[in-house]
Amino acid sequence: MLTWPTVRPYLFAILLVGFATLVGEPLRGILNPTNKVMLYLAAVVTTAYFWGRGPSNLAAVLSVLAFNVFFVPPTFTFAVQDWEYLITFLGLLLTGLLVSQLTAIAKQQAISAQAREEDALTLLALSRDLAKAETEEELLTTAGQHLDRRFGEIRISLKGKGEQLPEKESSYQWHKLKGPTQELGQVGLTQPTSPRDQRRSQLLEAILNQVSAALERRAFSEKAQQTELLEASEELHRALLNSISHDLRIPLVSIRGALTSLEDRDINLSDEARHSLLANALSETDRLNRLVGNLLQMTRLESGHLTVKAIPCDLEDLIVTTLASLHDHLLGREVEVTLPPELPLVLADYVLIQQVLTNLLENAHKYSPAGQPVEIATRLLGDGIEVEILDCGDPLDEEHQACLFQRFQRGRTDHPGTGLGLSIAKGLVEAHGGQAGYRRSKDHRNGFFFTLSKAEEV
Amino acid sequence: MTETLQPRILVVDDEPAVRHLLKNCLGSASYQVFEAGTGQQAVDLVRTKHPDLVVLDLGLPDLSGFEVARILREWSAVPIIVLSVRNAEEDIVKALDCGADDYLNKPFGVRELLARIRAALRRGEGLGQSKDEIFQSGPLMVDLLARQVSVNHHSVSLTPTEYDLLKAFVRDAGRVLTHSHLLRAVWGNGFSEEIGLLRVNISNLRRKLGKSSSQHQLIVTEPGVGYRLCLLPPASA
């Protein structure tokens with residue numbers, strides 16, 4: 001079928017040959033006819049350069065005919081007087097055809113070089129954008145955008161990602177996404193490539209390879225990350241289990257020991273020994289109970305299931321009640337309570353702050369020399385109240401201070417404990433919107449403090 | 001003591017180990033004990049055996065402890081002491097609101113349980129009778145007729161609200177009273193959420209009744225639940 005775009009170059013070829021003839025016409029008599037051949041050669045080269053091989057071949061043939069008709073005597077006929085002109089014709093024809101070949105090849109190479117550069121740029125941009133993509137979704141969008149520019153509408157479906165492969169949609173041409181180790185999915189294109197267009201297929205293949213590689217890289221790094229997380233959480237569970245099973249068993253040792261010795265009729269216990277055994281077993285059950293309470297609270301904190309019901313509370317009452325519940329545990333250690341006059345009510349979940357106080361007091365009791373008093377000091381701070389538990393324990397080095405409130409960190413491993421107390425205290429205070437921390441006081445005591453906000457005046 | 005005079009206690013718990021413990025402890029404290037493992041069984045036993053007191057666990061396999069308390073309260077005034085695990089303050093408040101008389105956290109001390117049972121039984125006996133006009137606990141003495149309060153024989157002047165609050169405690173001495181119960185009893189129905197108001201008055205009341213050692217407070221805070229007026233032996237001084 002003849003269409004305008006295919007016909008036009010030939011038309012230009014004819015026009016150029018005509019133009020060369022027109023330019024040569026006034027020069028009749030000035031130039032030797034053979035030199036006018038140059039004009040025709042120029043027309044052939046120009047045609048070859050702009051419109052390629054076919055039109056320039058036509059130009060070469062037309063040039064020979066026009067030269068013969070217009071410039072070789074007898075003019076305006078195809079007849080030739082001088083047979084030497086046949087050599088000129090042959091030369092013109094051969095040169096014209098050759099030039100048209102060479103020019104067309106050069107042109108073709110220039111075009112394909114340009115196209116190759118374009119492809120290279122496309123691939124470069126693609127690899128840059130793929131590297132930037134963080135999620136699989138972003139990655140697919142990027143791939144889609146780059147394919148979109150060249151291959152029409154895109155559909156990408158990944159294996160095992162839910163979307164069924166719409167095989168029957170004939171409007172798409174499907175290409176496999178092959179990773180280095182496995183098939184990853186398929187890409188459907190609406191503007192298909194034909195096997196004849198090698199460059200396009202090569203580009204497509206290169207793009208698909210890059211996308212597959214990026215996808216697989218991403219999958220690998222995800223897997224590596226998951227493995228790492230899993231290992232970390234396994235580590236945590238191991239630590240937790242080790243620590244807990246140990247701490248659960250220690251109180252059971254005393255309890256079981258006391259019970260078995262009481263049960264055994266052969267063991268003659270003095271009243272004093274009996275009493276001491278029982279008292280010990282009793283205090284161990286309290287310890288066990290507090291441990292379980294701490295574990296439960298930690299689980300709630302971790303899972304985010306902790307609800308803080310902050311209501312106005314009397315801090316003095318809170319402290320007194322906590323001390324009463326810890327009375328047996330503190331083994332007669334003196335606890336001083338300093339309260340400012342007119343202490344306002346604080347906003348707190350009574351039970352949770354009681355646990356904070358319990359944990360901090362237990363900590364102070366555990367890590368300070370026996371017989372030295374512990375102080376609970378409260379201070380008004382702007383719109384809040386600070387509670388500080390001070391003990392006469394040894395100063396903490398910086399390394400200890402840094403991990404003081406982390407889980408499973410214990411000040412000294414020669415003391416029983418899970419290393420949960422302080423981390424739970426901090427977690428509970430923070431759940432109230434307060435702050436918890438450690439400082440060495442001016443009079444060289446260890447101070448563990450936390451803040452609570454004041455309740456509105458009633 | 002003949003068998004008929006032994007107070008009869010129904011123990012409701014789904015854990016056989018706990019039932020066993022309670023049966024032994026209460027049995028040796030000369031109570032007659034029945035056991036129920038489920039809520040329905042508990043309701044049936046109260047209907048047929050008319051126990052003098054029920055010790056009720058909240059976590060039962062069929063009916064919850066709340067439901068049991070609610071059902072019993074429809075036709076029975078039997079004192080109910082709830083046993084609950086720690087960290088379940090809301091449940092305790094709910095159970096008390098459902099009609100339970102008192103609660104004890106698991107794990108519990110048997111001595112504490114026996115004290116609660118005695119107090120509850122005493123209240124049960126006194127039901128319907130006129131209350132003593134003079135109430136005494138430790139250093140505290142309240143003359144309900146003369147509206148006079150004294151601590152260690154020194155007269156204490158209370159505001160009308162503080163007196164009403166103290167009266168509410170005296171009426172149910174030894175028993176835990178929830179925040180909302182106290183607020184309703186003293187301020188009226190519209191105030192059952194004003195816990196701050198209650199805290200301020202409790203704090204003032206405590207101050208006026210004198211600081212006692214942390215071991216023997218008169219008005220004890222039951223964390224997350226409410227308050228309790230302790231029954232202490234009268235001060236000899």
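Any read-out appearing in this document is the output of simple, stated calculations on the displayed coordinates, not a laboratory observation. Computed from a prediction, not measured in an experiment: that's the story for all the values here. With ideal geometry, Cβ positions are generated from the backbone for all residues, glycine too; neighbour counts draw on all protein chains shown.
General observations
- Membrane-span-like helices in chain A (whole DSSP H runs, Cα extent of at least 18 Å along the helix axis, mean Kyte-Doolittle hydropathy of at least -1.0): A:4-24, A:33-51, A:53-66, A:85-132, A:136-151, A:198-263, A:271-303, A:350-367.
- Cα lying deepest toward the dipole's positive end in chain B, options B:Ala168, B:Ala100, B:Ser76, charges on Cβ: B:Ala168
- Taking 20 Å as the cut-off, the amide N atoms of region A:46-82 that come nearer than this to a point 7 Å along the Cα-to-beta-carbon line of A:Ile30 belong to A:67, A:70-73.
- Across all Cα pairs in the protein assembly as shown, the calculated P(r) in 20 Å bins from zero up to the longest distance comes to 13, 29, 19, 13, 9, 9, 7, 1, 0 percent per bin.
- In a DSSP loop and with at most 10 other Cβ atoms within 10 Å, the chymotrypsin sites (Phe, Trp or Tyr not before Pro) in region A:54-90 are A:Phe76, A:Phe78, A:Trp83.
- FRET efficiency estimate (nearest 0.05) - Cβ-Cβ, A:Asp271 to A:Leu306, R0 41 angstrom: 0.35
- Exceeding the 20 Å Cα-Cα cut-off - candidates B:Lys94/B:Lys208; A:Lys309/A:Lys366; B:Lys23/B:Lys49; A:Lys309/B:Lys106: B:Lys94/B:Lys208; A:Lys309/A:Lys366; A:Lys309/B:Lys106
- Normalised contact order of region B:127-194, rounded percent, pairs of Cα under 8 Å and 6 or more residues apart: 16 percent
- Helix axis angle, B:39-49 relative to chain B longest principal axis, alpha carbon, degrees: 90 degrees
- When Rg and the Kirkwood radius Rh are both evaluated on Cα atoms of chain B, their ratio Rg/Rh stands at 0.98.
- Residues A:Arg8 and A:Thr141, FRET efficiency given R0 of 35 Å [Cβ-Cβ distance, rounded to 0.05]: 0.30
- Kirkwood Rh, angstrom, region B:1-130 [1 / mean 1/r, Cα pairs]: 14.5 Å
- If only the Cβ of Lys and Arg carry +1 and only the Cβ of Asp and Glu carry -1, the dipole of region A:239-294 around its Cα centre is close to 240 debye.
- Cα-based Rg of region A:330-404 normalised by 2.2 N^0.38 Å, two decimals: 1.22
- 0 to 90° range, to nearest 10: angle between helix B:195-209 axis and chain B longest Cα axis: 70 degrees
- Neighbours of A:Glu362 by Cβ distance under 12 Å: Lys/Arg scored +1, Asp/Glu scored -1, total +2.
- Distance between modelled label sites at A:Ala110 and A:Thr77, nm, 7 Å Cα→Cβ extension: 4.4 nm
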